[in-house]
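In what follows, a single structure is set out as structure tokens and then discussed.
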Amino acid sequence: MSKDIKNVTKQLKALKESIDLLTKVTAISVGKETIFRGMKETGDKVKALEGFEFPDKIIAMLVGSTPDSVKSLRSQKKARVKKPPQIEPKKEEVEHR
């Protein structure tokens, strides 16, 4: 593949990703009242948008916050996620080894 074709392919891929993002943001903006119904806390709204994998800047725009606030809320959530409990072998199993 020539360098020009690779460059055009890269630009088309970036354009496609931008269009996909714009489509999702538009859909969320139009249905915001339904999606966020009953949600008063920014953290709840941020959580509702997790599956869309939006950048913090976009989420902040949709929930009426700042990118730094969204980043903080997301990092707090990650910190709360606990590691699964470690299953330790029974004492008898360890002694027989």
For region 41-65, the count of residues that are in contact with a helix residue (DSSP H, G or I) (Cβ under 6 Å, 6 or more places away or on another chain) and not in a helix (DSSP H, G or I) equals 2
Note on region 19-31: residues within 21 Å of Val46 (Cα to Cα), assigned to a helix (DSSP H, G or I) and either of a type outside the set (D, E, K, R) or touching a Cys at 6+ places or on another chain (Cβ under 6 Å) (or both) are Leu21, Leu22, Thr23, Val25, Thr26, Ala27, Ile28, Ser29, Val30
Within region 59-74, the residues that are surrounded by fewer than 18 Cβ atoms within 10 Å (Cβ to Cβ) and closer than 20 Å to Arg37 by Cα are Met61, Gly64
Filter region 42-58 for residues that are of a type in the set (A, V, I, L, M, F, W, C) and crowded, with 16+ Cβ neighbours inside 10 Å; the one that is nearest to Lys77 (Cα to Cα) is Val46
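Computed from the coordinates by the stated procedures, all read-outs in this text should not be read as laboratory data. None of these values were measured; they are calculated from a predicted model. Virtual Cβ from ideal backbone geometry, glycine too; neighbours counted across all protein chains shown.
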